[in-house]
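Inspection log for the structure reproduced underneath, given as C-alpha cells.
The values are calculated or read from the model by the stated rules, or taken from the named source; none is laboratory data. For clarity, every value in this text was computed on a predicted model and none was experimentally measured. All Cβ positions, glycine included, derive from the backbone under ideal geometry; neighbour counts span all protein chains shown. Ligands, DNA and RNA are excluded from the accessible area calculation, which covers all protein heavy atoms including side chains. Shrake-Rupley method; radii C 1.70, N 1.55, O 1.52, S 1.80 Å.
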Amino acid sequence: MHDACGVVGISFNETGNNVAKSIYYALYALQHRGQEAAGISVHDGKAIRTHRGMGLVSEVFDDAQIALLRGQVGIGHVRYPTSGRSCIENSQPLLVKFKDGAIAIAHNGNLVNSCQLRENLELAGDIFYSTSDTEVIAHLFVKELLRYDLQEAVRALMRKIVGSYSLVFLWGDTVLAVRDPLGIKPLCIGEIDSGIMVASESAAIDTLNGRLIRDVMPGELVVIRHGEMKSYQLSRLPHPAHCIFEYIYFARPDSIMDGRLIYEVRVNIGANLAKEHPANADTVTPIPDSGITLAVGYHQYSGISYRECLMKNRYIGRTFIMPDQSMRETAVRLKMNTIRPNIEGHKLVLVDDSIVRGTTSRRIVDMVRKAGAEKVHVRIGSPPIMAPCYLGIDMASREELIAAFKTVAGVEAVINADSLGYVSHKGLVDAVGIPKENLCMGCLTGLYPVEIPGEKCMAAQTKLSEYIVKATEDIT
Ligand code: AMP
C-alpha cells in the first residue's frame, strides 16, 4: 500500500525572500502524502538548483542545504512511489535541461499510458535515466515547448498524457501548475505574505499563514510569475472525477479540498456508518490515526461513548531496525499498543477507514480481544475496496484485495469480528457532498473515468482529448 505524493510551488513578488525555507515548511505539512523521498528546486536568478534525497523532509534537509538553495521562486515534492522503483533517480523534482533552458517538475498522480508513450519515445531515440512516468511527461513537454507557445504546449501535452496529474513546473523564474482535465488529484492555490503558492493540500497554505484562494480547476493551467497569477482553462469536461480516497483516507482532516473540509466529510461518513450499521456496544474507538474522525462521527450520531483504546507510535521512520522473526510480537506492539482498562469487559465498535488486504483489521481485532474485549464490532468508513487503483494510489493488485473475492460475511470471518459493517456507496457520497458523477470511485466500483485496458470505463469521459481540442477557443 502506497500513499500518493505531495507537491508545492511558491513565487514571491519581492527579492530577499528565502523561498526554500517556505517550501521546506510546506513539504513538512504534506509529509503524510509521501515519506520515501523529498526534494526542492529553486531558481536563483540565473539557474535552477535542486536538492533531493531519500527519507523524510527532516532527514533530507538541514539549515546548510536550505541556505544553498537561494532564490524567491521554487517548487517541492514529497514522494511515495505509485509508478517506478524506490530509488533516488525516481525522486523529484526532476530536472531536465534542453535547448531553451531547464525545467524542474514535481508530479502527483499516475499516467495510465506512460509505458506506451515511453516506448514510442525510446523508439525515436530518447534516453531515460529513471523509471518514473514523470520523466515521460518531461520529454513530451520539452518537445511541445520547442514547437509551440506555453499554452499550446500544455494543451498538446494534455492531449497525449492520460491519467491523473497535478503537476508543478519551475520554468526559469516562473511556476506553472497544471491539473488534469478530470481533476483526479487535488491542487489548490493560496495567497501568502508577498507571494502566491500552489500545493496539494490547503493545510500547507495554512502552515505558511496564508489564505486559500481556490482549487486549481480540472484542465486549468496556472502561471505564477513574480507573485502574480494568470489562469488558462485548457479543457472543459462535463464532469470531473475527484479521487474518493482523498476524502476517505489520504488528505489531512484540516485540509479543504474541492470546497469540502475533510474533517467534516469524515464526521459525516462516521455518522452515516452509525445510521446504517448500529451496534450493541458501550465504546466507540478508532484505529489510529485514520479512523479517528470517522469514530467521532459514529460516536456523535449513536451516542455511544468515545474512548481511545489503541496508541500508535508515530516515530517509526525509515531507519527503524525491523525485529527478526523471533521478535515479531515486539514489532507489532511497537507500532500499536492497547489501553487495557478501556477495553477489558467492554463491547467495542472499532472504526477504521478501509480494509484492503484485511491484515490490519485482523491483527487489531486479535489485539483488543487479547486485552479483554467482550465484543468487537468493526465499522469501516468506505465501501468494500474491490478493484485496483490505476490513478495514483497503490491499492494492491486485485488478487490481494480481500473484498474482491469475499462477501462481507466472508471478510467478517477472516478478520474475526463479531460483526462487520461498511458504509454504503450512497452513505459515502452523501457525506462527501459531491455528486457521484463527479467522483472517481474506481477502487469501489471497478468503473474508471479513463480507459484502462481490461477495465470498464465511464462512457462520457472516454474522449478526453476531444474536450481539450474543443477548449482551444475558450482560453480565459
Ligand atoms: P490492510 O491491512 O491491507 O487491510 O490495509 C488497511 C489499512 O491500511 C487501514 O488501516 C488503512 O488506514 C490503511 N490504508 C488504506 N489505504 C492505504 C494506503 N494507500 N497506504 C497506506 N495505508 C493505507
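Of note:
- A probe of 1.4 angstrom, applied to the heavy atoms of all protein chains, finds residue 301 with accessible area near 120 square angstrom.
- These residues, 440, 115, 389, go from largest to smallest accessible area, 1.4 Å probe, as 115, 389, 440.
- Over 27 Å apart at the Cα level, from the set 275/375; 160/230; 312/426, are 312/426.
- The apolar share of the surface of segment 161-303, taken as the fraction of accessible area on carbon and sulfur atoms (1.4 Å probe, ligands and nucleic acids excluded), comes to 50 percent.
- Given their separation in residues at 0.36 nm each and the Cα-Cα distance between them, residue 413 and residue 128 gain 97.8 nm when the chain is fully extended.
- Where a label projected 7 Å from the Cα of residue 58 along Cα→Cβ would reach, residues of segment 3-41 with amide N under 16 Å: 24-38
- In this simple spin-label model, placing a label point 7 Å from the Cα along the Cα-to-Cβ direction at both residue 451 and residue 424 gives a separation of 3.5 nm.
- The distance linking segment 140-161 with segment 177-216 is 23 Å (Cα centroid to Cα centroid, whole angstrom).
- Gain on full stretching of the segment that runs from residue 261 to residue 46 - 0.36 nm per residue minus C-alpha separation: 73.4 nm
- Computed from the C-beta positions of residue 327 and residue 370 and an R0 of 22 Å, the FRET efficiency is 0.80 to the nearest 0.05.
- Residue-normalised accessible area of the chain, given per residue in Å² at a 1.4 Å probe: 41
- Near residue 442: Cβ cut-off under 15 Å, other residues only, Lys/Arg at +1 and Asp/Glu at -1. The net charge is -2.
- The loop-placed trypsin sites (Lys or Arg not before Pro) in segment 1-84, going by DSSP, that have at most 11 neighbouring Cβ atoms within 10 Å of their Cβ come out as 46.
- Global form of segment 307-414, assessed from the alpha-carbon gyration tensor, a/c cut-off 1.5: oblate
- Segment 47-118, accessible surface, carbon-and-sulfur percent (1.4 angstrom probe): 49
- Computed from label points 7 Å out along Cα-Cβ, the spacing between residue 397 and residue 233 is 4.3 nm.
- Taking a ≥ b ≥ c as the square roots of the Cα gyration tensor eigenvalues, segment 74-144 comes out oblate, since a/c reaches at least 1.5 and a/b does not exceed b/c.
- Area accessible to solvent at residue 407, 1.4 Å probe radius, in Å²: 100
- A crude spin-label estimate for the pair residue 31 and residue 340, with each label 7 Å from Cα along the Cβ direction, gives 3.2 nm.
- Tail beyond 28 Å, pair distance distribution of the chain (Cα, percent): 52
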